[in-house]
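What follows is a short report on a single structure.
The values are calculated or read from the model by the stated rules, or taken from the named source; none is laboratory data. Model, not experiment: these values are computed from the prediction. Please note: Cβ atoms are built from the backbone with ideal geometry, for glycine as well, and neighbour counts cover all protein chains shown. Accessible surface is based on the protein model in full, side chains and every heavy atom, while ligands, DNA and RNA are left aside. Shrake-Rupley method; radii C 1.70, N 1.55, O 1.52, S 1.80 Å.
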Amino acid sequence: MTDAQAPRVLIVGLGMIGGSLAAALKAGSFAGRVVACDRDPEEIARGLALGVIDAGGTEVADWVADSQLIVLAVPVLAMESVLARLAPLLDAQVITDVGSTKLAIRAAAERVFGSLPPRFIPGHPIAGSEKSGVAAANPDLYRHHKVILTPGLDSDPAALAQVRAMWQACGAEVVDMAIERHDQVLARTSHLPHLLAFSLVDTLARQDERLEIFRYAAGGFRDFTRIAGSDPVMWRDIFTANKDAMIAALDDFEAGVARLRRAIVTGDDDAMLATLDRASHARHYFDTLLNKTRYQAMEQRNIRYRVSPGGGVRGTIRVPGDKSISHRSIMLGALADGVTEVSGFLEGEDSLATLQAFREMGVAIEGPHQGRVTIHGVGLHGLKAPAGPLYVGNAGTAMRLFAGLLAGQAFDTELTGDESLTKRPMGRVADPLREMGAVIETAEGGRPPLTIRGGQRLKGIDYAMPMASAQVKSCLLLAGLYAEGTTRVREPAPARDHTERMLSGFGYPVHRDGDLAWLEGGGRLTAAPIDVPADISSAAFFLVAAAITPGADLTLEHVGINPTRIGVINILQAMGADIRLDNPHEVGGEPVADLRVRYTPLKGITIPEDQVPLAIDEFPALFIAAANAEGVTRLRGAAELRVKESDRLAAMADGLSVLGVENTLHEDGIDIVGHGSETPNYGGGRIDSLGDHRIAMAFAIAALRAREPIVIDDCKNVATSFPGFVDLARRVGLTLDEEAS
Ligand code: S3P
């Protein structure tokens, strides 16, 4: 913002909140003049002395005419009288406020002006401190914090833009929200905790007049009650102003405490554990999975890989657990009768999101601790309505499988995900589910979020899938558990069959005949232990790394080699790779083996179309193998790659072109021209992974045979499927630096 464009800001009320805003504006990129009014001349003098304001006084009337943006930072219940004083003085000024409740402030504005003025944009910075006064002003108070704006239908877009720009200049992230929702959300996340802290300290203080017990109060008490030191008048005003939402939040809380009390009184250890475990994990994961703050924090501080050219590939490693099987272990474990013990669980963000979603539906889940998870199954009809939308992060698998199993529940649910997932097609599951009788709403074009109406009677259908999708097949089979009659799914080519195998392992009969899978609704699942094999999709990056690097000799232990997943092995072997399957055996219905790969030169091939569904997630890695093979590798019949976490055909073609690898993109495939791997045959450069974990990892291994470094942007989502990738890559011989950007 230039000096000429920057508005002159008047802050009414120079306390800690108003003072921090002034300090942030003065310290940041905001170029306008900042003045303040406060009833207390000493606060103004202090503000001037601290240099957080340019001028100020005690009378608003002296400052309004010369300002363009007025920020009301007075206590909530004082807003009305300030607005009444401002009303006759206003010209074209934009007004906003920082009050913690918004309906009461809108009502005050309506009493003063008749309706909410279009240039009054109510706002609320979600940041604070128990300190008060301008002396506590902190220029960083709003940095990386959310500011919620609650514009009305008639709000002036230019006014909204001006208020937004002011907060952004303080480093805040600005979001818009409906005013009613703001008050309900804040009642639960801020007002209720303050009330509890005040009440707990008061209750204890009354019981112990001399405050003796506080001497023995340690960290837990201090953490819980810090906010009881906040300004009493301000909080009285907030509780009064947000009375209805507050009382509703308090009622819910009292019911929760009563449940816990009952569990203690009756010695119901399971109920206690379920509550405490759910809370403990919700607390740990809420940053990432509920508020998405971790994603946002990481978006601001993104991860970039810088991979040096060359390096060897040697050793013995075990990659993390299979993502597909990890998702399913939680889902079926939760719906089973009895306790399911899982080992080898993938502690990646995708499968953790699934785990968290079931906790939110009332399932007690212990762990994960080093890949071990214990799921206290609630049976097919034991899930409870979650309190809010279920957030499944980056995971298409979770959203599609959830759609099936939630369609059969008695309650409504909403499924949301991250930005990448929001672009992915869900009509492929919503349409056949509707044929079964489900009621599902999607956003435009069949995209997420999905709203699933509970309480529907589902009936089995015969469905011929237009594409070979394990997610669609699994979704329908899961819905089929709740449907009347038989649900039959026909696949145009074999897609992974983990759902069928695991259902059988849980004692639920699933039938297969050729391209058809079917089951009858109305049965039950019985808990069974699950040992999750290492993920062949993660192993693929190292299979290719060893296959393209002269001198390589690498063993990957305990890799799942389900016949519906081994396209990557078949294709690499057809290209001439030396891959040996040692120690083959079966764990919990899934075949596994140790894979030993030794370097031999590769040649380009035409990839058989029947291998495409069997290697669907491994193509980014396989394209790097193709770039290092002698001759052309041709892929067709792979249009599905365009609707994965990114358009993987386009993303890989772009990246290969950056490196100087000749390629031709087709609607459903790609041709890649390789020149062998005896000498490095492509350069380096900067690659955009488009936030797709597999694109990021594919180009990381490409560096083994590059002449120059490869820098890959937007790598944070590697954590969705392959936590620890960087360490393992370094362990086998790559030189990979991780940078925050
Ligand atoms: C998966 C199925 C595949 C795959 C995805 C995991 C699964 O998707 O790409 O990573 O776990 O069922 P489609 O079913 O869309 O092919």
If each of Val439 and Ala84 carries a label point 7 Å out from its Cα toward its Cβ, how far apart are those two points in nm? 4.8 nm
For a quick protection proxy, order the peptides 353-362, 670-679, 244-253 by their average other-Cβ count within 10 Å, most packed first. 353-362, 670-679, 244-253
How big is the charge dipole of region 1-132 about its Cα centre, in debye rounded to the nearest 20, if each Lys and Arg gets +1 on its Cβ and each Asp and Glu gets -1 on its Cβ? 320 debye
Yeah, region 417-472 with a ≥ b ≥ c from its alpha-carbon gyration tensor (a/c under 1.5 is rounded, else prolate when a/b outruns b/c, oblate otherwise) is oblate
Averaging sequence separations of C-alpha pairs under 8 Å and six or more residues apart, then dividing by the length of region 185-267, give the relative contact order as a whole percent. 47 percent
FRET efficiency estimate (nearest 0.05) - Cβ-Cβ, Glu419 to Arg580, R0 51 angstrom: 0.80
Neighbourhood charge, 13 Å Cβ-Cβ cut-off, centred on Pro608 and excluding it, Lys, Arg +1 and Asp, Glu -1: 0
Kindly identify region 323-531 as rounded, prolate or oblate by the Cα gyration tensor criterion: order the square roots of the eigenvalues as a ≥ b ≥ c, call it rounded if a/c is under 1.5, otherwise compare a/b with b/c, prolate if a/b is larger, else oblate. rounded
Positive-end residue, the chain charge dipole about Cα centroid, Cβ charges, pick of Leu153, Gly15, Leu383: Leu383
Excluding residues fewer than 8 positions from Lys146 in its own chain, the lysines with Cα under 18 Å of it are Lys102, Lys292
Give the aspartates and glutamates whose C-alpha is closer than 16 Å to that of Lys131, dropping any in the same chain fewer than 8 places away, or say none. Glu43, Asp140, Asp223, Asp231
Name the residue farthest towards the positive end of the dipole of region 185-267 from the options Gly220, Ala248, Ala205, assuming +1 on Cβ of Lys and Arg, -1 on Cβ of Asp and Glu, about the Cα centre. Gly220
If you roll a 1.4 Å probe over the heavy atoms of the protein chains, what accessible area per residue do you get for region 185-267, in Å²? 66 Å²
Carbon + sulfur, % of accessible area of region 523-578 - ligands and nucleic acids excluded, 1.4 Å: 55 percent
Loop-only check: which trypsin sites (Lys or Arg not before Pro) in region 147-220 are DSSP coil with at most 12 other Cβ within 10 angstrom? Arg210
Considering only the other residues whose Cβ falls under 11 Å of the Cβ of Glu366, what net charge follows from Lys and Arg at +1 and Asp and Glu at -1? +1
Relative contact order as a percentage, the chain, C-alpha pairs under 8 Å and 6+ apart, gives 11 percent
Before rounding to the nearest 500, sum -39500 (n - 2.57) across all DSSP H runs of length at least 4 in the chain and divide by the residue total; then give [θ] at 222 nm in deg cm²/dmol. -11000 deg cm²/dmol
Lys and Arg at +1, Asp and Glu at -1: neighbours of Asp277 with Cβ under 9 Å from its Cβ sum to +1
Please tell me the relative contact order of region 323-531 in percent, rounded to the nearest whole number, where contacts are Cα pairs under 8 Å and at least six residues apart. 21 percent
Could I have the simple spin-label model distance between Asp270 and Asp737, label points 7 Å from Cα toward Cβ, reported in nm to one decimal? 5.5 nm
Two-decimal log10 I(q)/I(0) for region 600-741, as the Debye equation yields it once each C-alpha is a single scatterer, q = 0.10, 0.13 Å⁻¹: -0.30, -0.52
Tell me, in nm to one decimal, what length is gained between Glu42 and Ala248 on full extension, where the rule is 0.36 nm per residue of separation less the Cα-Cα distance? 70.1 nm
Descending packing, highest mean Cβ count within 10 Å first, for 710-723, 382-395, 102-115, 616-629 is 616-629, 710-723, 382-395, 102-115
If the cut-off is a Cα-Cα distance under 19 Å, which lysines reach Lys473, setting aside same-chain residues fewer than 8 apart in sequence? Lys323, Lys459, Lys644
Does region 185-267 classify as rounded, prolate or oblate by the C-alpha gyration tensor (a ≥ b ≥ c root eigenvalues; a/c under 1.5 gives rounded; else a/b over b/c gives prolate, otherwise oblate)? oblate
Hey, can you find the accessible area per residue of region 461-515 for me, probe 1.4 Å, expressed in square angstrom? 35 Å²
What does the chain give for Rg and for Dmax, in Å, if only its C-alpha atoms count? 29.6, 86
